[in-house]
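First up is the structure itself, then whatever we jot down about it.
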Amino acid sequence: MTQDSKAEFLAKAQTDPQELKLIDLLAIWGYSARDYGPVSEIREDLKEAGLGCEPDVGDAGHGTIVRVGAGLGVVHVAGDADRDPGDLPLQLPLNPMLVRDIPSWNRPVVRVPPEFSIVQAQARMAQNGCSLLAVMSGDRDLVGAVSWELIAKARVRKAAPDLDDAMLAPAPVARCDHELLENIDMIEKHGFFFVRDTDDRICGLVTAAELTAAYGRLTKPYFQLGEIERRLRHCLNAHFSTDQMRAAVSRNKRRINSADDMEFGQYKEVLGDDARWSTLDSGLDHVTFIDQLDEARKVRNKIMHFGKELTAEEQVELDRCLRLMRHLDYQQ
């Protein structure tokens, strides 16, 4: 979308509240995914135009209908403008995963026409190194599904089965913009489902293995960050008094009664001081540790509100940070 289309949208919303999917709102700003940068930019532009968004652009899922207009609440709901979003309590993403959050939702599906024989279907699977085929008579017409397992069962029942004898019909299918959890039962029952795009075309395939991998990639950073924070708090509580921690931080001093009350950015304030660091006698390089802690903070900022899957480089940084935390010497 062009800058003019954004200006046109803002002008319309000032006189007539606009309703649209979040993914379409992002597209007006030239983005295809909800992330910290795009959300911050949209919030700022809406604020300058005297507009609000309900639900907040940072809280809605891609398929959520949002309403943009004057007097529609606040643009940024953090409640404390001086607080880094990554300092909010760590929690798994509140927005539901959609079918299209699984990478394979939009990968080409290996298919055969209904008139194929079982031998031809087997050859197609062997050629493509896959165990499952879509039986289709057109881009939108999904007749059924055939797998090695279904073919084997058909041969047990019948000496010379045809493709219909080995076909699961109707085949399980879900729309790409529907919530993933609503379709988990198909994975439990069949081990897979095909995916339809918004034009009703069969565009991908989700299997149990891909679903497990996707959930693993999404949740792993949350558990790693949780362990990092537990180890940091354990370390700080073991080495510093409440008064020392309060003296080290720049704000919200009074609410700190232990490291358990600290925000993520405040760990660096305490441990960034050379004198305080030396009392840990950790055997770790101070500069390396603080740099790695800052990398973890950046990762935390990215996933805190948006449930974004990390890049390979970001995951490596988080792994490194956790390894360093596990080497902290708890002198108790």
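How many of the residues in region 36-58 are part of a strand (DSSP E or B) and either more than 20 Å from T15 (Cα to Cα) or touching a Gly at 6+ places or on another chain (Cβ under 7 Å) (or both)?
2
Residue by residue through region 132-148, note down the ones that are at pLDDT 95 or above and either outside any loop (DSSP other than H, G, I, E, B) or within 30 Å of R217 (Cβ to Cβ) (or both).
Once the filter is applied, which keeps residues that are at pLDDT 95 or above and either outside any loop (DSSP other than H, G, I, E, B) or within 30 Å of R217 (Cβ to Cβ) (or both), region 132-148 yields L132, L133, A134, V135, M136, L142, V143, G144, A145, V146, S147, W148.
What pairs come up if the first residue lies in region 168-182 and is more than 12 Å from F192 (Cα to Cα), the second is surrounded by fewer than 16 Cβ atoms within 10 Å (Cβ to Cβ), and their beta carbons are under 7 Å apart, counting only those six or more places apart or on different chains?
Qualifying pairs under 7 Å: C176/T198; D177/T198.
Are there any helices (runs of 4 or more DSSP H) wholly within region 242-306 with 1 or more residues that are closer than 30 Å to P55 by Cβ and out of contact with any strand residue (DSSP E or B) (no Cβ under 8 Å at 6 or more places or on another chain), and if so which?
264-271, 286-306
Name the single residue that is nearest to A247 (Cα to Cα) among those in region 267-288 being buried (at least 17 other Cβ atoms within 10 Å of the Cβ) and either hydroxyl-bearing (S, T, Y) or touching a residue at least 60 places away in the same chain (Cβ under 8 Å) (or both).
Y267
Within region 205-216, does at least one residue satisfy the condition of being over 15 Å from the mean Cα position of the chain (by Cα), surrounded by 17 or more Cβ atoms within 10 Å (Cβ to Cβ) and not hydroxyl-bearing (S, T, Y)?
There is at least one residue in region 205-216 that is over 15 Å from the mean Cα position of the chain (by Cα), surrounded by 17 or more Cβ atoms within 10 Å (Cβ to Cβ) and not hydroxyl-bearing (S, T, Y).
Mind counting the residues in region 223-279 that are among the acidic types (D, E) and more than 30 Å from Q315 (Cβ to Cβ)?
2
Name the pairs whose Cβ atoms lie under 8 Å apart, with the first residue in region 311-330 and of a type outside the set (D, E, K, R), the second not in a helix (DSSP H, G or I), and 6 or more positions between them or separate chains?
From residues that are of a type outside the set (D, E, K, R), the pairs are L318/L310; L324/L284; H327/S282; H327/G283; H327/L284; L328/L280; L328/S282; L328/L284.
Pairs needed: first member in region 219-243, in contact (Cβ under 8 Å) with a residue 24 or more places away in the chain; second member anywhere, among the β-branched types (V, I, T) and surrounded by fewer than 20 Cβ atoms within 10 Å (Cβ to Cβ); C-beta distance under 6 Å; at least 6 residues apart or different chains.
Listed by first residue and then by second, the contacts come to H239/T279.
Failed condition for A81, given (1) in a loop (DSSP other than H, G, I, E, B); (2) at pLDDT 70 or above, with all others met?
A81 satisfies all of (1) in a loop (DSSP other than H, G, I, E, B); (2) at pLDDT 70 or above except (2).
Determine if region 101-116 includes at least one residue that is modelled with pLDDT of 90 or more and part of a strand (DSSP E or B).
Within region 101-116, one or more residues are modelled with pLDDT of 90 or more and part of a strand (DSSP E or B).
Return the residues of region 153-204 that are touching a Lys or Arg at 6+ places or on another chain (Cβ under 7 Å) and either farther than 27 Å from L22 by Cα or part of a loop (DSSP other than H, G, I, E, B) (or both); say none if nothing qualifies.
P161, D165, C176, D177, D200, R201
Quick check, is L324 buried (at least 18 other Cβ atoms within 10 Å of the Cβ) and either on the phi > 0 side of the Ramachandran plot or in contact with a Ser or Thr (Cβ under 9 Å, 6 or more places away or on another chain) (or both)?
yes
The values are calculated or read from the model by the stated rules, or taken from the named source; none is laboratory data. Values in this document were obtained by computation on a predicted structure and should not be read as measured data. So basically every Cβ, Gly included, is an ideal-geometry build from the backbone, and we count neighbours across all protein chains shown.
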